[in-house]
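The values are calculated or read from the model by the stated rules, or taken from the named source; none is laboratory data. The structure displayed is predicted, hence computed values, not measured ones. Here the Cβ positions follow ideal geometry from the backbone for every residue, glycine too, while neighbour counts run over all protein chains shown. Ligands, DNA and RNA are excluded from the accessible area calculation, which covers all protein heavy atoms including side chains. Shrake-Rupley method; radii C 1.70, N 1.55, O 1.52, S 1.80 Å.
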Amino acid sequence: PLPFPIPAVRGWAATQNLRTPAPNHCPRSIVMLFHFARKHGHLPKGQPTEADDIARAKDRGGRIGILRPADLALMLHRAPARVRLFLALGAFTGMRSSEVLRLDWKDVNFERSFITVSPEKAKTATRRLVPIHPNLMRWLAPYRNHARAVFKTPRDAGRAIAFAKKCHVEWPNNALRHSYATYRLAVTADAARVALEMGNSPQKLMTNYRELADEREGQEWFEISPAKRPKIISLPCK
């Protein structure tokens, strides 16, 4: 028997800050703790524990926010080099910010037009190949002969968000990844294909991103390139 009953475990979980973007973090941590204890002989194997009964928060499918092609184009043409690189990689690959920040230039295959997300750098711990779309290839062209890490500090993600605020662009949660999923699905109408590119599930893509944008808007997103400057620079970005 354990020294604390399930109400105590639930009570502890209730005191934690679960109103975060990851409300299941604390319950998941408790379960991992019990699994660790069982693995190391502190709990009997093959028997359920109190942690197995801890309820997890349900994903209620909150509203997905995306960027407009015009706003992204403006930021890309006004941003400093490191911010521009982060924006381009996030917007045109759909990679998670953590995956983008872990990239090395050796992961970028310019000849065959794909980026390798290795298991140790992926959230799902599985390898996948992310296509380099023609417009992204143009944004990456100045870095073709670079080596080592793409980014030097995790703060580069925060700098991109801060720059968006300077441009008075509303920045929803996971803005770049959500935008890629939305516009890519609108262009391809192929949830399985986009899911493979993003390391996600087709069901989640169809549930969250279907019909948030039309094909024309998707094409506009993937036509944003260094040579195609915005016609109207209406935001100060100061």
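Observations
- Residue match in region 147-159 (condition: of a type in the set (A, V, I, L, M, F, W, C) and under 25 Å from Tyr209 (Cβ atoms)): yes
- Scanning region 158-174 for residues that are more than 10 Å from Ile64 (Cβ to Cβ) and either among the β-branched types (Val, Ile, Thr) or assigned to a loop (DSSP other than H, G, I, E, B) (or both) returns Ile161, Cys167, His168, Val169, Glu170, Trp171.
- Any hit, region 175-196, residues being polar (S, T, N, Q), open to solvent by 30 Å² or more (accessible area, probe 1.4 Å) and outside any helix (DSSP H, G or I): no
- Pair list, Cβ under 7 Å, 6 or more apart: region 150-168 residue over 15 Å from Leu89 (Cβ atoms), other residue surrounded by 12 or more Cβ atoms within 10 Å (Cβ to Cβ) and modelled with pLDDT under 90: Lys166/Cys237; Cys167/Leu235; Cys167/Cys237; His168/Leu235
- Within region 85-97, the set of residues being open to solvent by less than 10 Å² (accessible area, probe 1.4 Å) and either assigned to a loop (DSSP other than H, G, I, E, B) or of a type in the set (Val, Ile, Thr) (or both) comprises Thr93, Gly94, Met95.
- Count of region 172-196 residues, restricted to those that are without any contact (Cβ under 8 Å) to a residue 40 or more places away in the chain and farther than 27 Å from Leu74 by Cβ, is 6.
- Check on Tyr143, modelled with pLDDT of 95 or more, surrounded by fewer than 20 Cβ atoms within 10 Å (Cβ to Cβ) and under 18 Å from Leu76 (Cβ atoms): yes
- Here Val31 fulfils each of the conditions (1) modelled with pLDDT under 70; (2) surrounded by fewer than 15 Cβ atoms within 10 Å (Cβ to Cβ); (3) hydrophobic (A, V, I, L, M, F, W, C) apart from (2).
- Lone qualifier among Arg78, Arg127, Arg148 - being on the phi > 0 side of the Ramachandran plot and at pLDDT below 95: Arg148
- Tallying residues that are in contact (Cβ under 8 Å) with a residue 40 or more places away in the chain and either closer than 19 Å to Pro134 by Cα or open to solvent by 60 Å² or more (accessible area, probe 1.4 Å) (or both) within region 197-208 yields 3.
- Candidates are the residues of region 98-126 that are more than 25 Å from Asn173 (Cα to Cα) and assigned to a loop (DSSP other than H, G, I, E, B); the one that is least open to solvent (accessible area, probe 1.4 Å) is Phe110.
- Restricting region 101-157 to residues that are of a type in the set (S, T, N, Q) and under 19 Å from the mean Cα position of the chain (by Cα) leaves a set whose member that is farthest from Ala181 (Cα to Cα) is Thr153.
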